[in-house]
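Read through the structure below, which is laid out as structure tokens, and then see the notes.
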Amino acid sequence: MLGLAAIAGSVANPPERGGRDSNSDGMTGAPPADDPAQRRPARPPAERTTIRFRAGEGPTEKTLDAGNPAEVLVEVDAPAQVYIPSLGLTAPADPLTPARFDVLADEPGRHRIVVAPADPDADGTTAGTLKVVTRS
């Protein structure tokens, strides 16, 4: 008999829907919309910059501010795979289509850009280094 009452009670009072959790005191799990702790300072979105490297011109170092989005393009003279190992990125490239990477690095550091030609007899090279910096 008690089991039947429990089933009837759960059917009669289904849990509240709509993505809000409710505690036993009726308060929702989300803070009120006007809670000062939930406000973030207004910061304009960072502009996306384009950073270009050219394989075969010797290693160069280019700088990116931490937290700013960037499109990194690597131009090559022959078909190749281009890697940014420390960011776990790889992309194909050929003379008409540069390797293209969308980068958003939050931490300062140096990221080597490696070009591995499709020709197995050719040596891989470093096209440059992407240096991520924090500016005060």
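Coordinate-derived values only; no laboratory data. Keep in mind that what you see is a predicted model, and the values were worked out from it rather than measured. Note that we place each Cβ from the backbone using ideal geometry, even for glycine, and neighbour counts take in every protein chain shown.
Amide H to amide H, with H built 1.01 Å from N, residue 89 comes under 5 Å of 84, counting only residues 5 or more places away or on other chains.
With a cut-off of 15 Å between beta carbons, the residues surrounding residue 61 carry a summed charge of +4, where Lys and Arg count +1 and Asp and Glu -1. Near the amide H of residue 66, within less than 5 Å, lie the amide hydrogens of 133, 134, 135, all on another chain or at least 5 residues away, with H placed in the peptide plane. A Förster radius of 25 Å, combined with the Cβ-Cβ distance separating residue 135 from residue 97, puts the computed FRET efficiency at roughly 0.15. For the peptides 86-94, 66-74, residues were scored by their other Cβ atoms within 10 Å and the scores averaged per peptide; the highest-first order is 66-74, 86-94.
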